[in-house]
Amino acid sequence: QVQLVESGGGLVQPGGSLRLSCAASISRFSISAMGWYRQAPGKQRELVATITSTYMTNYRDSVKGRFTISRDNAKNTVYLQMNSLKPEDTAVYYCNTIPQIPSGWGQGTQVTVSS
């Protein structure tokens, strides 16, 4: 059974920072590529950042230089450090594998960037 639990969201002012965590109950987590996704109101879910089993990372252009994805295989956890947050980063953030596990979507964690 796949379980992904996101946490760490909240309300932050523009320019602020947040660190999201995703606790993953996935078999063979250490060899799974993982991703952070987000969905803003009225928009489709989009992929924000990915990290492979060999720690290679990739980001969508709008977050490059501001967000950092990392993983701790000993804790089966993926992180997303978000700096210099902008109002357009407001969304519910989710984690999942790459490719996605359809049954793996959790509740997500709300990130709101507003003054």
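I'm told PRO41 meets every condition in (1) closer than 21 Å to SER103 by Cβ; (2) in a loop (DSSP other than H, G, I, E, B); (3) modelled with pLDDT under 95 except one. Can you identify the failing condition by its number?
PRO41 satisfies every listed condition except (1).
Mind checking which residues of the range 47-64 are out of contact with any Ser or Thr (no Cβ under 8 Å at 6 or more places or on another chain), under 20 Å from ASP89 (Cα atoms) and loosely packed, with under 15 Cβ neighbours inside 10 Å?
ARG60, ASP61, SER62, LYS64
Looking only at residues in the range 86-103 that are polar (S, T, N, Q) and under 22 Å from PRO41 (Cβ atoms), which one is most open to solvent (accessible area, probe 1.4 Å)?
Across the range 86-103, the extreme among qualifying residues is GLN100.
Under 9 Å between Cβ atoms, at least 6 apart or on separate chains: pull out the pairs that start in the range 3-21 with a residue that is in contact (Cβ under 8 Å) with a residue 40 or more places away in the chain and end on any residue that is open to solvent by 60 Å² or more (accessible area, probe 1.4 Å) and of a type in the set (Phe, Trp, Tyr).
Filtered contacts from the range 3-21: LEU4/TRP105.
Across the range 22-42, what is the number of residues that are in contact (Cβ under 8 Å) with a residue 12 or more places away in the chain and either of a type in the set (Lys, Arg) or under 13 Å from TRP105 (Cα atoms) (or both)?
Qualifying residue count, the range 22-42: 11.
Take the residues in the range 9-27 that are among the hydroxyl-bearing types (Ser, Thr, Tyr) and modelled with pLDDT under 95, then tell me which one is surrounded by the fewest Cβ atoms within 10 Å (Cβ to Cβ).
For the range 9-27, the residue satisfying everything is SER27.
Could you say whether any residue in the range 91-106 is assigned to a loop (DSSP other than H, G, I, E, B) and either in contact with a helix residue (DSSP H, G or I) (Cβ under 6 Å, 6 or more places away or on another chain) or on the phi > 0 side of the Ramachandran plot (or both)? Talk me through it step by step, then tell me what you get.
First, the residues of the range 91-106 that are assigned to a loop (DSSP other than H, G, I, E, B): 99-101, 105-106.
Restricting the remaining residues to those that are either in contact with a helix residue (DSSP H, G or I) (Cβ under 6 Å, 6 or more places away or on another chain) or on the phi > 0 side of the Ramachandran plot (or both) gives none.
Scanning the range 91-106 turns up no residue that is assigned to a loop (DSSP other than H, G, I, E, B) and either in contact with a helix residue (DSSP H, G or I) (Cβ under 6 Å, 6 or more places away or on another chain) or on the phi > 0 side of the Ramachandran plot (or both).
Does the range 11-27 hold any residues that are outside any strand (DSSP E or B) and touching a Ser or Thr at 6+ places or on another chain (Cβ under 9 Å), and which are they?
GLN13, PRO14, GLY15, GLY16, SER17, ILE26
Any residue in the range 28-36 that is part of a strand (DSSP E or B), open to solvent by 20 Å² or more (accessible area, probe 1.4 Å) and polar (S, T, N, Q)?
no
If you scan the range 1-10, which residues turn out to be under 14 Å from GLN110 (Cβ atoms) and in a loop (DSSP other than H, G, I, E, B)?
Listed by number, the residues that qualify are GLY8, GLY9.
So, in the range 65-85, of the ones that are in contact with a strand residue (DSSP E or B) (Cβ under 8 Å, 6 or more places away or on another chain) and of a type in the set (Ser, Thr, Tyr), which residue ends up surrounded by the most Cβ atoms within 10 Å (Cβ to Cβ)?
TYR79
The values are calculated or read from the model by the stated rules, or taken from the named source; none is laboratory data. Here the structure is a predicted model, which means the values were calculated and not measured. In this analysis, Cβ positions are derived from the backbone assuming ideal geometry, glycine residues included, and neighbour counts consider all displayed protein chains. Accessible surface is based on the protein model in full, side chains and every heavy atom, while ligands, DNA and RNA are left aside. Shrake-Rupley method; radii C 1.70, N 1.55, O 1.52, S 1.80 Å.
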